[in-house]
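I have placed the structure first, in the form of structure tokens, so that the comments after it can refer back to it.
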Amino acid sequence: MPNFIDRRLNPKDKSLGNRQRFLKRAREELKRVIKEQVKTDRIIDVDAAHGVPMPTDGANEPTFQPARGSGERNYVLPGNKQFSAGDRLPKPEAGGGGGGRGRPGTGESEDDFQFVLSREEVLDLFFEDLELPDMVKLSLKETVLFKPRRAGFATAGTPTNINVGRTMRNSFGRRLALHRPKEKELTAIAEEIARLEATPELSPKDRQRLSELRSELERIERKRRRIPYVDPVDIRFNRFEAQPLPNANAVMFCLMDVSASMGEREKDLAKRFFVLLHLFLKRRYERIDIVFIRHTDEAREVDEETFFYSTQSGGTVVSTALEEMIRVIEERYPSQIWNIYAAQASDGDNIIGDSEHCAALLREKLTKLCQYYAYVEIIDERETEIFGSTDNGTALWRAYRTVDGEKSNFQMTRIAKPADIYPVFRRLFARQPATRTRK
């Protein structure tokens, strides 16, 4: 039976094998602590190393001790520098227990220790069971197509892939190195032999010359046969490598309201939601485009920096963002080729009459183009009880409710405080038990 030895270098003062075994044992506790930290810390800090306090009870290693038989045995464990055989040990005073959970008093105890998770380990735990809807069905993450790409030359291949230029250069170099007689030399000797043979009477000198020419002609022909014009060793074929290509393309649209009705609290919650979404997409799906669209009474596509940190403000016309999204789709992301996802964040305020137009755009165009569309409305914590019913809320919320009831690929929810962001995010983008299709 073969033995496999992992000889990869470990980081300084660390053992990768022991670390992975510990992560496996403490996985549930680590996940719980990470989720609690997300509720209180900035979401953008998820993309960093984390120090996770771990209770000592969960980190104890199994130990082996000799079996204790009948009778009493007195012995001193090796390695101590304080006691000898026969010494009597004092009983610990009250409050001197360990584990950090005893009553106040004297004595030593053992506190919880900090286990530092790397960025990759944090993100693995954070996004362990999250998945974009229908991504498994479309095999975006794992299945790829392969396109042949030129990758130099090979000495074997099919006749259709022969590279004539490279083959002839190899042939010329070989013939030059081996001094293969040229065709014009053979032709000159053959012409001279023909001339001498055509002469009626040859002198002894000419007969000797004719014999030498025939011998030379025979020698040249043998050498030309031994050194062929094109040898199999000269042949080169075009070599191709399979270049992986995505089997499906995906794009995520992030739409955010930055109008005057969006206060600092609302903008901060929206930014946090999109930071988490952006981190999720970049971490989980490397082959996905992200389009950022901000809107007031006008909408425009912006870069990531402008999307999160620009201070622009103004009125509110939500339909401009949806129209801008439709324009970008028509120009760059045809739905026949791309899988389109969208997430919209707003406080629900909109100009009179525009909410119905937004619902119509969703119902008639966007839900037909998108695999999935998520709407997040940011409300005040005091409005949670007022908007407890899903039928209550802003005009935009009520308009979107009509779409939510008709289209299975449209979902909507509310966020009132930072602690709501992660549960809402998981609810919107949790793995689906069954795939859904566009209507």
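The values are calculated or read from the model by the stated rules, or taken from the named source; none is laboratory data. All values derive from a computational prediction rather than experimental measurement. Cβ: placed from backbone, ideal geometry, glycine included. Neighbour counts: every protein chain shown. Surface accessibility is based on the protein's heavy atoms, side chains included, excluding ligands, DNA and RNA. Shrake-Rupley method; radii C 1.70, N 1.55, O 1.52, S 1.80 Å.
Observations on the structure shown:
- Qualifying residue in the stretch 339-353 (condition: under 25 Å from the mean Cα position of the chain (by Cα) and open to solvent by 10 Å² or more (accessible area, probe 1.4 Å)): yes
- Note on the stretch 182-236: residues that are within 60 Å of the chain's Cα centre (by Cα) and among the small types (Gly, Ala, Ser) total 0.
- Qualifying residue in the stretch 276-298 (condition: open to solvent by 30 Å² or more (accessible area, probe 1.4 Å) and farther than 30 Å from Glu121 by Cβ): yes
- Residue count for the stretch 142-194, restricted to those that are surrounded by 12 or more Cβ atoms within 10 Å (Cβ to Cβ) and in contact with a Leu (Cβ under 9 Å, 6 or more places away or on another chain): 6
- Filtered residue count, the stretch 408-431, keeping only those that are open to solvent by 30 Å² or more (accessible area, probe 1.4 Å) and either among the basic types (Lys, Arg) or under 21 Å from Arg272 (Cβ atoms) (or both): 11
- Total residues in the stretch 152-183, condition in a loop (DSSP other than H, G, I, E, B) and either under 15 Å from Asp231 (Cβ atoms) or not β-branched (Val, Ile, Thr) (or both): 9
- In the stretch 241-264, of all residues being more than 27 Å from Tyr372 (Cβ to Cβ) and modelled with pLDDT under 80, the one that is least open to solvent (accessible area, probe 1.4 Å) corresponds to Gly263.
- Apart from one condition, Asn238 fits all of (1) assigned to a strand (DSSP E or B); (2) at pLDDT below 90; the exception is (2).
- Leu202 outside any strand (DSSP E or B) and surrounded by fewer than 17 Cβ atoms within 10 Å (Cβ to Cβ): yes
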